[in-house]
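The values are calculated or read from the model by the stated rules, or taken from the named source; none is laboratory data. Since this is a predicted model, take the numbers as computed values, not measurements. Counting neighbours? That spans all protein chains shown, and the Cβs are built from the backbone with ideal geometry, glycine included.
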Amino acid sequence: MIRQTLNRLLTAIPTLGAVLIASFLLMRFAPGGPFDGERPLDDATRAALEASYGLDQPMWQQLITWLGRVLMGDFGPSLVYRDFTVTELVAQGLPTSMMLGGAAIILAFVIGLALGVRAALAPGGYLDKYLMLLATLLTALPVFVTGPLLVLLFAVTLRLLPLGGTGSIWHWVLPVIALSLPVAGAIAKLVRAALADLWQRDAIRTARARGLSRIAILYGHALRPALVPVVSYLGPAAAGMLTGAVVVETVFGLPGLGRYFVQGALNRDYPLIMAVVLIYALLIILFNLIADLLYAWLDPRVQR
């Protein structure tokens, strides 16, 4: 198991390098620049600004310089937020995104597991069909639809929860729910499908022949292997929730990393974009590694 983990980490290093190089080149070849505003700058001013930020150097030298700074814990200056360094912006936005994404992952797992298990306890019945229909709807509805609907219902109409911001724990309820619902629907369908397959296996049939109830079989024999496909899905899904929270952060006014990424992309803030890409790539690698470890724990055959 340790050897497999090390192999995955070694494989992740060139993948991370390829992502950074591709992102760097795509930004540089995209039209526009960080100093393109409503009023065009004269050539002397533009040249002075590019020289002060090192943008007059060859691309390969800019990339090497940036990597050297990152290894020292410095993401460089922001080209748009002149009063802040990129490190300061990341320190401000990352905790918000991590809190939002982490809470949404937990809630999605709890809701999805509950729906999938409850549907599996009544296979083929009306409750099973209704719950799976609900799971399909949750999966199909995008966040930019459910987010405004939740705001309209609970914040504007019923006035039960705050509209946005981060003033208290109640401010997090609606954004966490909005971000978790699509993943919860996918988890419910995975759990239901896995349990439907497990009910047909000989070991489960033997347990039923011995007189064990469906609930006892579920929690004693079937639930752990049913979580294997869920864990495989949760790795990239968790990373996607953290990186795709920009819509939720925008709708609910949360100062997360996703909003900085969008603003950086629109304004060609190269250091800010590269920092966010690096952090998101590291999170994806980390979550996939955790998913692999959990997968091996749930299914010991993976370690062989």
Worksheet item: If a residue has to be under 16 Å from Val246 (Cα atoms) and surrounded by 14 or more Cβ atoms within 10 Å (Cβ to Cβ) to count, how many in region 95-130 make the cut?
Response: 10
Item to complete: Go through region 210-254 and tell me which helices (runs of 4 or more DSSP H), entirely inside it, have 3 or more residues that are over 29 Å from Leu161 (Cβ atoms).
Response: 214-217, 223-226, 228-243
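For residues in region 42-65 being under 37 Å from the mean Cα position of the chain (by Cα) and among the hydroxyl-bearing types (Ser, Thr, Tyr), which is farthest from Ser78 (Cα to Cα)?
Thr65
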Discussion item. Checking the structure you have, find out if any residue of region 125-133 is of a type in the set (Gly, Ala, Ser) and farther than 22 Å from Thr250 by Cα.
Written reply: yes
Practice prompt. Confirm whether Ala238 is crowded, with 21+ Cβ neighbours inside 10 Å, under 16 Å from Ile111 (Cα atoms) and touching a residue at least 60 places away in the same chain (Cβ under 8 Å).
Written response: yes
Worksheet item: Considering region 140-166 alone, what residues qualify as being among the polar types (S, T, N, Q), in contact (Cβ under 8 Å) with a residue 12 or more places away in the chain and either part of a helix (DSSP H, G or I) or surrounded by fewer than 17 Cβ atoms within 10 Å (Cβ to Cβ) (or both)?
Response: Thr146
Worksheet item: Hey, does region 242-251 have a residue that's modelled with pLDDT of 80 or more and touching a Pro at 6+ places or on another chain (Cβ under 7 Å)?
Response: yes
Worksheet entry | Flag if Val176 is over 30 Å from Leu218 (Cβ atoms), β-branched (Val, Ile, Thr), out of contact with any Lys or Arg (no Cβ under 8 Å at 6 or more places or on another chain) and buried (at least 16 other Cβ atoms within 10 Å of the Cβ) | no
Worksheet item: Does Gly185 qualify as being in a helix (DSSP H, G or I), within 23 Å of Thr139 (Cβ to Cβ) and touching an Asp or Glu at 6+ places or on another chain (Cβ under 9 Å)?
Response: no
Worksheet item: Which residues, taken from region 103-150, are in contact with a helix residue (DSSP H, G or I) (Cβ under 8 Å, 6 or more places away or on another chain) and of a type in the set (Ser, Thr, Tyr)?
Response: Thr136, Thr139, Thr146
Fill in: Members of region 255-265 that are part of a helix (DSSP H, G or I) and not β-branched (Val, Ile, Thr)
Leu257, Gly258, Arg259, Tyr260, Phe261, Gln263, Gly264, Ala265
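Report yes if some residue within region 184-197 is modelled with pLDDT of 85 or more, under 26 Å from Leu127 (Cα atoms) and surrounded by fewer than 18 Cβ atoms within 10 Å (Cβ to Cβ); otherwise report no.
Yes.
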Worksheet item: What do you reckon, is Gly33 out of contact with any Ser or Thr (no Cβ under 7 Å at 6 or more places or on another chain) and modelled with pLDDT under 75?
Response: yes
